[in-house]
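FYI, it's all coordinate maths here, none of it is from the lab. This structure is a prediction, so every number in the text was calculated from the model and none was measured. Neighbour counts run over all protein chains shown; Cβ positions are idealised from the backbone, glycine included.
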Amino acid sequence: MNTSESRDILSFDNAWIVAATADEVLPLIREYHTLQIRNNFYQLRIEDKIMHLLITGVGIHHTIFSLMEAFSAELPSLIINAGIAGSFRKDILIGDVVWVTEDRFADIGAEDRDGSFISTFELGFENPDSFPYTGGALLSNVPLSHITLQKVRGITVNKVHGSEASIKKIQSLYKADVESMEGAAVMFTCLKKGIQVIQLRAISNYVTPRNKAEWQITKAIDQLNQTLVQIITG
């Protein structure tokens, strides 16, 4: 089998699940935990599949460090990045699980005198079409036919949006569907290392002026973990 053919097959041999927090995959840990290899790294047996689970910590910095530290011991063939997210779109329902097939670092750059944002690409520090970017975005390296979930565009931020003004500003820049604090970091690292990556997000809230009373985190986590098991077990 040649390399291009092998990339078209989704295999869970030597596959990892990567999450920012243990809470987001707690149902998996409780149901399928078989071995804790170290503080943030677990082995799970999900039916006939042996999976590893890495808990990175919240944010871009923790995510990249945890991944690179784990990669120094072993490289997985596939990573499923699983977590919750906020949705800019009201037609995506709370609890829905979506596949983020395009993500980008949304707030790494500079602020101009008028308050507008200047990306590192516009500043000339990076080429928006140099690997692993395509037009400044990070694109899925898994054939889109492999998973039937709704496909969405994401942004990854250091500060989730919670005011009407900042929400309008970020949407005018990227017209994203969802936002998280880790997705692009996982995709960037995996693409650079040649690892297949799938980013799954369960919607816990809408990106509106901040009101945690309306968030449904438990529902999103339950749906996320059920979807993970369904995908892994086929």
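In Å, the Kirkwood hydrodynamic radius of segment 8-117 over pairs of distinct alpha carbons? Mind showing how you got there, number by number?
Working: mean 1/r = 0.0620 Å⁻¹.
Kirkwood hydrodynamic radius for segment 8-117: 16.1 Å.
Kindly state, as a whole number, the per residue volume in cubic angstrom of the convex hull around the alpha carbon atoms of segment 114-227. Numbers along the way, then the final one.
On the way: hull volume 13.8 nm³, N = 114.
Cα convex hull per residue, to the nearest whole number: 121 Å³.
Using the alpha-carbon centroid of each, what span in Å lies between segment 38-91 and segment 179-228?
11
Please identify the trypsin sites (Lys or Arg not before Pro) of segment 172-202 that satisfy two criteria: DSSP loop assignment and at most 12 other Cβ atoms within 10 Å. Which are they? Working shown, then result.
Working: sites: 175, 192, 193, 201; in loops: 175.
Filter output for segment 172-202: 175.
Quick one: work out Rg over Rh on the C-alpha atoms of the chain, Rh as Kirkwood radius.
0.96
Taking every DSSP beta bridge that has both residues in the chain, what percent is antiparallel when rounded to the nearest 5? Could you put the intermediate results ahead of the total?
On the way: 23 of 49 bridges.
So the antiparallel bridges in the chain amount to around 45 percent.
Would you mind telling me the antiparallel percentage of the DSSP bridges in segment 36-171, rounded to 5? Walk me through the intermediate numbers first.
Numbers: 15 of 20 bridges.
Given both bridge residues lie in segment 36-171, the antiparallel proportion sits at roughly 75 percent.
Would you count, across the chain, every pair of lysines whose alpha carbons are under 19 angstrom apart, provided the pair is eight or more residues apart or spans two chains?
Going through the chain pair by pair, I get 11.
What number, rounded to the nearest 500 deg cm²/dmol, is the helix-based mean residue ellipticity at 222 nm of the chain, given -39500 (n - 2.57) per DSSP H run of at least four residues and division by all its residues? Walk me through the intermediate numbers first.
Values: 6 runs with 63 residues, N = 234.
About -8000 deg cm²/dmol.
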